[in-house]
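Asks: Handing you a structure now.
The values are calculated or read from the model by the stated rules, or taken from the named source; none is laboratory data. Note that the coordinates shown come from a computational prediction; the quantities given were computed from them, not determined experimentally. All Cβ positions, glycine included, derive from the backbone under ideal geometry; neighbour counts span all protein chains shown.
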């Protein structure tokens, strides 16, 4: 990751604001039909057709032990690139809403607080400050384990034949 990029796409999950480095975001889509893939974890909602390609869609709320994403007028799918064993993999992430692209200077991002040994927080790049508000800056390459990403990408081709 380049240290010179300070632009982040901010989005909401519940009452919390999260941010992704803009360099990992390909596009933001309106909520669209998601084809459920059998025998996948609950947080993998299914796949969508993105220009003829099956892209797995993840409910980030479920991944973060929150209630399932409810579809509203603001619900969207953020298409991101994640690094899977040195190879770029495209996935969709459900978000309650997308807010804006904003600049957050490195000096305004504090390291993720230590939560204790039993809580995994390595996917949090840091906590950004924007005025009086905190923004949780995610490291998209660490939100999912390599095993989870492999499972997602393995299920996507099956969906094309099932659809």
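Asks: Considering only segment 95-110, how many residues are without any contact (Cβ under 8 Å) to a residue 60 or more places away in the chain and surrounded by 12 or more Cβ atoms within 10 Å (Cβ to Cβ)?
Replies: Qualifying residue count for the region: 3.
Asks: Check whether at least one residue in segment 48-57 is without any contact (Cβ under 8 Å) to a residue 24 or more places away in the chain, within 15 Å of residue 12 (Cα to Cα) and more than 14 Å from the chain's Cα centre (by Cα), and report yes or no.
Replies: no
Asks: Would you call residue 162 out of contact with any helix residue (DSSP H, G or I) (no Cβ under 8 Å at 6 or more places or on another chain), farther than 26 Å from residue 51 by Cβ, surrounded by 12 or more Cβ atoms within 10 Å (Cβ to Cβ) and modelled with pLDDT under 85?
Replies: Judged against the criteria, residue 162 is not a match.
Asks: With the condition kept exactly as written, say whether any residue in segment 63-73 is within 12 Å of the chain's Cα centre (by Cα) and either surrounded by fewer than 15 Cβ atoms within 10 Å (Cβ to Cβ) or touching a residue at least 12 places away in the same chain (Cβ under 8 Å) (or both).
Replies: Within segment 63-73, one or more residues are within 12 Å of the chain's Cα centre (by Cα) and either surrounded by fewer than 15 Cβ atoms within 10 Å (Cβ to Cβ) or touching a residue at least 12 places away in the same chain (Cβ under 8 Å) (or both).
Asks: Being assigned to a helix (DSSP H, G or I), more than 14 Å from the chain's Cα centre (by Cα), at pLDDT below 85 and farther than 17 Å from residue 35 by Cα, is that true of even one residue in segment 128-146?
Replies: For segment 128-146, residues assigned to a helix (DSSP H, G or I), more than 14 Å from the chain's Cα centre (by Cα), at pLDDT below 85 and farther than 17 Å from residue 35 by Cα: present.
Asks: I'd like to verify a number: residues in segment 74-85 that are over 14 Å from residue 33 (Cα atoms), modelled with pLDDT of 90 or more and not in a strand (DSSP E or B), how many?
Replies: Total meeting the criteria: 1.
Asks: Filter segment 26-40 down to residues that are in a loop (DSSP other than H, G, I, E, B), touching a strand residue (DSSP E or B) at 6+ places or on another chain (Cβ under 9 Å) and surrounded by fewer than 16 Cβ atoms within 10 Å (Cβ to Cβ), then give me how many there are.
Replies: 3
Asks: Which condition breaks for residue 52 when tested against (1) exposed (fewer than 13 other Cβ atoms within 10 Å of the Cβ); (2) under 18 Å from residue 66 (Cβ atoms)?
Replies: (2)
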